[in-house]
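The values are calculated or read from the model by the stated rules, or taken from the named source; none is laboratory data. Given the structure is predicted, the values throughout are model-derived calculations rather than measurements. For neighbour counting, all protein chains shown are included, and Cβ atoms are generated from backbone atoms with ideal geometry for every residue, glycine included.
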Amino acid sequence: MTRWTTADIPDQTGRTAVVTGSNTGLGYEITAALAAAGAHVVLAVRDLDKGRAAAERIEAASPGAEVALQRLDLTSLESIRDAAGELRTRYDGIDLLVNNAGVSMTPKSTTADGFELQFGVNHLGHFALTNLLLDRILAAPESRVVTVSSSAHRYGRIRFEDLQSERSYRRAGAYGQSKLANLLFTYELQRRLAGTDTIAVAAHPGSSSSELIRNVPAPTRLFFRLLQAQDAAMGALPVLRAATDPGVIGGEYYGPGGFLEMRGFPKVVASSDRSHDVGAQRRLWEISEHLTAVESLVG
């Protein structure tokens, strides 16, 4: 299949999906497509007003769509714990968790818990959320965890000696580290899920229109805009395929199939050698458990 589109999404009726960062950009497109296919989709967002507006747009486009809101601030472990607790109360099973929300190339700053912002939101926040919801995910048959990475993982390094960029900080370097962490997390989670019918998959959107570049310095932002070859709806396709295609195998990585993986229809793509470092995967997992004080059910 070379031109996988939203028309190829199987009927999602009866399935519950949670999508982080779902009120705009890629997250909105992912959520809208899942809802249109019949899923009950939870928009996990920091700003409930913006989330409500997004839900209304989805309902207008797909009458009868089942959408719900959940406040989630990935800069705060307290908020993540509260959100996970509320979701666990509302749902006995979660068929799909899409770890989509993220920040990119922000000025140096920290989360409420003192983590470097990009590493804290993009990796640690989703690590905590996934593991806090894991019993509900495992309870759903053929469930999936899909984490959104980036081609930027290729220049990422996991600086175990300075994970929080306290010694030195470079926006691009910190972003690359967080996106590499997304893949290390996915591959380690998949290994830990062996023997279950839950799988972990990763995806990246290529070069697509997104609010993520709003913090990029102006010259670099212009370069990104010149490279952009597709809109957010196309950028969402690799994530949607990872989330719904019955042929997906745990541990796969999806991205655009076109030039330099910047555009095109989704297919399985390769990730960097660093992302397949089993020692780094395990070490990062153990450190993430310690930093978030969230212990995994699988191991």
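What is the residue count in region 112-143 for residues that are surrounded by 21 or more Cβ atoms within 10 Å (Cβ to Cβ) and either in contact with a Cys (Cβ under 6 Å, 6 or more places away or on another chain) or not aliphatic (A, V, I, L, M) (or both)?
Total meeting the criteria: 14.
For the condition modelled with pLDDT of 95 or more and assigned to a loop (DSSP other than H, G, I, E, B), what is the one hit in 128, 112?
Among 128, 112, only 112 is modelled with pLDDT of 95 or more and assigned to a loop (DSSP other than H, G, I, E, B).
Can you name every residue in region 252-299 that is among the acidic types (Asp, Glu) and either at pLDDT below 95 or surrounded by fewer than 17 Cβ atoms within 10 Å (Cβ to Cβ) (or both)?
Within region 252-299, 261, 273, 277, 286, 289, 295 qualify.
Being more than 23 Å from residue 244 (Cα to Cα) and in contact with a strand residue (DSSP E or B) (Cβ under 9 Å, 6 or more places away or on another chain) narrows it down to one residue among 83, 53, 101; which is it?
That would be 83, the only listed residue that is more than 23 Å from residue 244 (Cα to Cα) and in contact with a strand residue (DSSP E or B) (Cβ under 9 Å, 6 or more places away or on another chain).
Within the group 154, 144, 167, 136, which residue is charged (D, E, K, R) and within 15 Å of the chain's Cα centre (by Cα)?
Matching residue, one of 154, 144, 167, 136: 144.
Can you tell me which residue among 266, 246, 256 is in contact with a helix residue (DSSP H, G or I) (Cβ under 6 Å, 6 or more places away or on another chain), under 22 Å from residue 30 (Cα atoms) and of a type outside the set (Gly, Ala, Ser)? Before the answer, list the steps.
On the way: 246 fails: in contact with a helix residue (DSSP H, G or I) (Cβ under 6 Å, 6 or more places away or on another chain); 256 fails: in contact with a helix residue (DSSP H, G or I) (Cβ under 6 Å, 6 or more places away or on another chain).
Being in contact with a helix residue (DSSP H, G or I) (Cβ under 6 Å, 6 or more places away or on another chain), under 22 Å from residue 30 (Cα atoms) and of a type outside the set (Gly, Ala, Ser) holds for just one of 266, 246, 256, which is 266.
Residue 73 passes all but one of (1) closer than 18 Å to residue 235 by Cα; (2) in a loop (DSSP other than H, G, I, E, B); (3) not β-branched (Val, Ile, Thr); which number fails?
If we test residue 73 against (1) closer than 18 Å to residue 235 by Cα; (2) in a loop (DSSP other than H, G, I, E, B); (3) not β-branched (Val, Ile, Thr), just (1) comes out false.
Applying the selection to region 74-111, what residues are among the polar types (S, T, N, Q), within 19 Å of the chain's Cα centre (by Cα) and surrounded by fewer than 22 Cβ atoms within 10 Å (Cβ to Cβ)?
75, 76, 79, 106, 111
Filter region 269-299 down to the residues that are of a type in the set (Ser, Thr, Tyr), in a helix (DSSP H, G or I) and under 16 Å from residue 159 (Cβ atoms) and list them by number.
Hits for region 269-299 are 275, 288.
Give the residues of region 156-201 that are of a type outside the set (A, V, I, L, M) and surrounded by fewer than 15 Cβ atoms within 10 Å (Cβ to Cβ), sorted by residue number.
157, 160, 161, 162, 166, 167, 168, 170, 195, 196, 197
Here are some residues: 202, 152, 172. Which one is over 20 Å from residue 93 (Cα atoms) and outside any helix (DSSP H, G or I)?
Details: 152 fails: outside any helix (DSSP H, G or I); 172 fails: outside any helix (DSSP H, G or I).
Only one candidate qualifies: 202.
Take residue 196 and tell me if it is closer than 20 Å to residue 277 by Cα and β-branched (Val, Ile, Thr).
Criteria not met by residue 196.
Within region 47-62, is even one residue assigned to a helix (DSSP H, G or I) and hydroxyl-bearing (Ser, Thr, Tyr)? Spell out how you get there, then give the answer.
Pass one, region 47-62, residues assigned to a helix (DSSP H, G or I): 48-61.
Remaining after also requiring hydroxyl-bearing (Ser, Thr, Tyr): none.
Within region 47-62, none of the residues are assigned to a helix (DSSP H, G or I) and hydroxyl-bearing (Ser, Thr, Tyr).
If I ask for residues that are within 18 Å of residue 151 (Cβ to Cβ) and outside any helix (DSSP H, G or I), which ones from region 232-265 would you list?
236, 252, 253, 254, 255, 256, 257, 258, 262, 263, 264, 265
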